[in-house]
Amino acid sequence: MRQRGGCVPMPASPDATRMATNMTRGPANRLGLDYHSAPPRKITGPIVDAHCHIHVCEQTDAFFEAAQRYGIAAHLTMTPLSDVARLRDLRGNRVGFIAIPNWKSMADSREFIGQWMADLDAFRRFGARVCKFWMAPRIRKDLGWTLEHPAVRPVIDHAKSLGYRFMVHVADPSVWWGDGKPYADTGVFGTKLDQYPPLEWFLEYVAPTTVIAAHMGGFVEDPAFLDRLLERHGNLVLDSSATKWIVREVARRPAEVRELMLRRGDRILFGSDLVVRDSFEGFDHYASRYWAHQMMWETPYRGESPIDDPDADDPPKLAGLDLPPAVLEAMYAGNARRLGLVPEAG
Ligand SMILES: [Zn+2]
C-alpha cells in the first residue's frame with residue numbers, strides 16, 4: 001500500500017463530535033454522534049446525490065429521512081427496473097434513474113446482453129439519462145470483459161443511440177491489490193493501472209458524450225493521475241461516491257485531493273454510493289455517510305471517522321478539505337444540472 005502525505009491525528013472539533021450519551025455506538029457510529037442534528041451547511045443550495053442504489057423496501061423511509069436532514073434534494077439512483085415505477089410514484093422528479101442490467105441473469109452472457117439492451121429501452125421510458133457499466137476487475141475474471149471487449153460493444157452503441165450518458169466503475173481501492181487481498185493475483189485481475197487503458201478507449205469511443213467515472217475515477221489514491229486523465233478527456237467527470245474508500249484516502253493526502261478539487265471543481269459530482277435495502281441497518285447507516293461527506297468537503301475537521309473501516313488505519317481518520325462555496329455548489333448540484341443529468345433537481 002502506498003502512503004503519502006500521512007495524516008497527523010488532531011483532536012476532533014467539539015462541534016463536529018457533539019456527543020449524545022443515549023446514542024448507540026455501532027459500525028456506522030463508532031463515536032456515538034447524534035446524526036439527527038446535522039451540522040449546519042456551508043452553502044444553502046440543494047444537493048444532488050448522483051450515485052446511490054435505492055431499493056423500495058422497509059429501509060426506504062429511513063434513507064429519505066437521513067437524506068432530508070442532510071439537505072439532499074434529489075438522487076440519481078441505480079434502482080432495479082422492477083422497483084423503478086414504485087420509486088417514481090414515491091419521489092416524483094426528485095429521483096432520476098441510472099439504467100443498470102439485471103446482474104442475476106449474467107450467467108448466460110449472450111442472453112444477458114440482449115436483456116441489458118431491452119432494459120436500456122425500458123429505463124429510458126422512465127426518463128433515465130445515465131446508464132451504468134460496472135466493469136470492476138472482477139468482471140475481467142468472471143467474463144473476461146473490460147469496457148473494450150467486443151461483447152459489450154452492442155450495448156454501448158445502443159445506449160448511445162438512445163441518448164444516454166454513461167457511468168462506469170473501472171477500478172477498486174489500491175489496497176485491494178495488496179498481499180492476501182482480493183486482487184493480489186494480477187494475472188487474473190490485472191494491475192490497478194491495467195484498468196485504465198480500457199477506460200481511455202471508452203472515453204474516446206463515446207466522446208463527446210459525458211462519462212462519469214464512479215468513486216473518484218477509482219483512483220483517489222493518486223490525484224495527479226486523475227488530473228492528467230481529466231486533462232486528456234474533456235468528456236470525463238468523476239463522482240465522489242464510496243464513502244469509506246474516499247474518506248480513508250482523502251485523510252491520507254488531504255492537500256493533494258484539495259488541490260484537485262480546486263482545479264477540477266467543474267468536473268466532480270457529489271455521490272454517496274449508499275445502498276438502500278433491508279440488509280442494512282437504518283437511519284444511522286445512511287446518515288453517517290452524509291455526515292462524513294459533509295465534514296470532509298465543507299469543514300477543516302481533523303480527527304477520527306465515525307465509520308468502521310477494515311481497510312483504514314486504526315482508528316480510521318477523516319480529514320476535512322474546507323472547500324470554498326463555489327466548488328461545493330458546482331459539485332453538489334451545478335455540474336449535474338449543466339451536464340443535463342437530473343430532471344428538475346431541488
Ligand atoms: Zn455504486
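Read the figures in this text as sums done on the coordinates, not as results from a lab. None of the values given here were measured: they were computed from a predicted structure. When we count neighbours, we look across all protein chains shown, and the Cβ atoms used for this are built from the backbone with ideal geometry, even at glycine.
Below, the figures for the structure above:
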{"item": "Table column - 3J(HN,Hα) (Hz), region 194-201, Karplus curve with 6.51, -1.76, 1.60, x for Gly and Pro", "result": "4, 6, 8, x, x, 5, 5, 4"}
{"item": "Size of electric dipole in the chain: Cβ of Lys, Arg +1 and of Asp, Glu -1, about Cα centre, debye, nearest 20", "result": "600"}
{"item": "In Hz, Karplus ³J(HN,Hα) per residue of region 118-126 (6.51, -1.76, 1.60; θ = phi - 60°; x = Gly, Pro)", "result": "5, 5, 4, 4, 5, 4, 4, 5, 8"}
{"item": "Net charge of neighbours whose Cβ lies under 9 Å from the Cβ of residue 270, counting Lys and Arg as +1 and Asp and Glu as -1", "result": "-2"}
{"item": "Rg/Rh (Cα only; Kirkwood hydrodynamic radius) as it applies to region 208-346", "result": "0.96"}
{"item": "Under 12 Å, Cβ to Cβ, from residue 106 - net charge with Lys/Arg +1 and Asp/Glu -1", "result": "0"}
{"item": "Residues whose placed amide H lies under 5 Å from that of residue 237, excluding near-sequence neighbours", "result": "211, 212, 213"}
{"item": "In degrees, nearest ten, helix 60-69 long axis to first principal axis of the chain (Cα)", "result": "50"}
{"item": "Mean separation of Cα contacts under 8 Å, 6 or more apart, over the residue count of region 47-338: relative contact order %", "result": "21"}
{"item": "The chain - share of DSSP beta bridges that are antiparallel (%, nearest 5)", "result": "15"}
{"item": "Distant-in-sequence amide H partners of residue 271 (H built 1.01 Å from N, under 5 Å)", "result": "50, 240, 241"}
{"item": "Amide proton proximity set for residue 319, modelled H, under 5 Å, gap of 5+", "result": "251"}
{"item": "Cα convex hull of the chain, projected area averaged across orientations, nm²", "result": "16.2"}
{"item": "Calculated [θ] (222 nm, deg cm²/dmol) that DSSP helices of n ≥ 4 give over the chain, each run adding -39,500 (n - 2.57)", "result": "-10500 deg cm²/dmol"}
{"item": "Selected from 196, 167, 122, residue furthest toward positive end of dipole (region 47-338; charges at beta carbon)", "result": "122"}
{"item": "Sum of side-chain charges, residue 313 neighbourhood, beta-carbon under 12 Å (Lys, Arg +1; Asp, Glu -1)", "result": "-2"}
